[in-house]
Amino acid sequence: MLASEVLQLLTTPANVPFIAHLGAPNIRRSILRVDYVTDEHAARKLLPEPLHLPLIPRASVFFTQFFNSHGDVPLLEVTQSIEAVSSAGVVGDYIQAVYTDNVTSIIHNREAYLQPVLYGVGSIVHRDGASNFSLAVNDTVVVHGSAGYRSEPMFADDAVEFLQRPKFFLKVLGRPALGEPAKPTLFMLRSAKLEVSEAYRLPSRLTLDGHIMAPFDQLPVRHIDSCHTFETTWSIGETEVLHRY
């Protein structure tokens, strides 16, 4: 292999195709999201400066199924986030952690994307007018709950406004294990295009437990604020660097 060819490599090993960075340009997804009021001190400990908490500290757990991303149907991710406000006053979701059992998604995010992805097995089952959901890590169930199924319709404009809130990610750039200095960087990601075909408000229940690799109980549930389900099509927008540490 010539040196010029080595410079063009994106991943190793060199004889294995790399995972496409963007996947499908327009991704169809289904979201079940529970927002709840949590402990202020716990949220403040996990939220990196210069982001800060709103007056009422909220966190979220949401299950997202991607139906045409990287050829996997469907790809299920479970996310825990903290509601955060940037120094410019922009309200969004700070992504604390994402869990999936999809190897393609784990590798893709590690190599090319911003999400802090860990391994976990999520499940959503619709039965008898309810949606039952759970997340297990190493046979330990750390999230379980239920929600009504399509209970109260939302206006599409309200759903779009809710989903267009940006997401904040903390990613450590560089390779400290290889002697490169760590470069923690705070990013903000917006959606480039977003369409909502269905949106509902739901009654819900949520129970969080803890595992050393999935400490969901560090952001305890004080009371549930709201629950929504969405059917959307979206495309990834531009990222903006908010802070370099």
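Structure above, values below:
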read-out	value
Qualifying residue in region 29-45 (condition: of a type in the set (V, I, T) and at pLDDT below 95)	no
Filtered residues of region 210-245 (kept if touching a Lys or Arg at 6+ places or on another chain (Cβ under 9 Å), more than 22 Å from A159 (Cα to Cα) and loosely packed, with under 15 Cβ neighbours inside 10 Å)	E240, R244, Y245
Every pair of residues 6+ apart whose Cβ atoms lie under 6 Å, when the first sits in region 156-172 and is without any contact (Cβ under 8 Å) to a residue 60 or more places away in the chain while the second is surrounded by 14 or more Cβ atoms within 10 Å (Cβ to Cβ) and among the basic types (K, R)	none
Looking only at region 73-95, and only at residues there that are under 18 Å from S134 (Cβ atoms) and of a type in the set (V, I, T), the one that is nearest to the chain's Cα centre (by Cα)	T79
Region 85-127, residues that are charged (D, E, K, R) and crowded, with 19+ Cβ neighbours inside 10 Å	D93
Unmet requirement for R150, which otherwise passes all of (1) in a strand (DSSP E or B); (2) out of contact with any Pro (no Cβ under 9 Å at 6 or more places or on another chain)	(1)
Only listed residue being among the small types (G, A, S), buried (at least 20 other Cβ atoms within 10 Å of the Cβ) and free of Cβ contacts under 8 Å to residues at least 60 places away in the same chain, chosen from A199, A192	A199
Count - residues of region 112-127 that are of a type in the set (F, W, Y) and not in a strand (DSSP E or B)	1
Qualifying positions in region 96-105 - under 13 Å from the mean Cα position of the chain (by Cα) and either at pLDDT 80 or above or under 19 Å from P215 (Cβ atoms) (or both)	Q96, A97, V98, Y99, T100
Residue match in region 217-226 (condition: touching a Gly at 6+ places or on another chain (Cβ under 6 Å), at pLDDT 95 or above, closer than 21 Å to I95 by Cβ and not in a strand (DSSP E or B))	yes
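Rundown of residues vs (1) surrounded by 11 or more Cβ atoms within 10 Å (Cβ to Cβ); (2) within 29 Å of A159 (Cα to Cα); (3) modelled with pLDDT under 95, yes/no style:
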site: N15; (1), (2), (3): no, no, yes
site: S60; (1), (2), (3): yes, yes, no
site: F63; (1), (2), (3): yes, yes, no
site: H70; (1), (2), (3): yes, yes, yes
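Residue-by-condition table, conditions (1) part of a loop (DSSP other than H, G, I, E, B); (2) of a type outside the set (K, R); (3) within 23 Å of V85 (Cβ to Cβ); (4) under 15 Å from the mean Cα position of the chain (by Cα):
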site	(1), (2), (3), (4)
F168	no, yes, yes, yes
E180	yes, yes, no, no
V196	no, yes, no, no
A199	no, yes, no, no
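The values are calculated or read from the model by the stated rules, or taken from the named source; none is laboratory data. Predicted model, so just to flag it, every value in this text is computed and none were measured. FYI the Cβ positions are ideal-geometry reconstructions off the backbone, even for glycines, and counts take in every protein chain you see.
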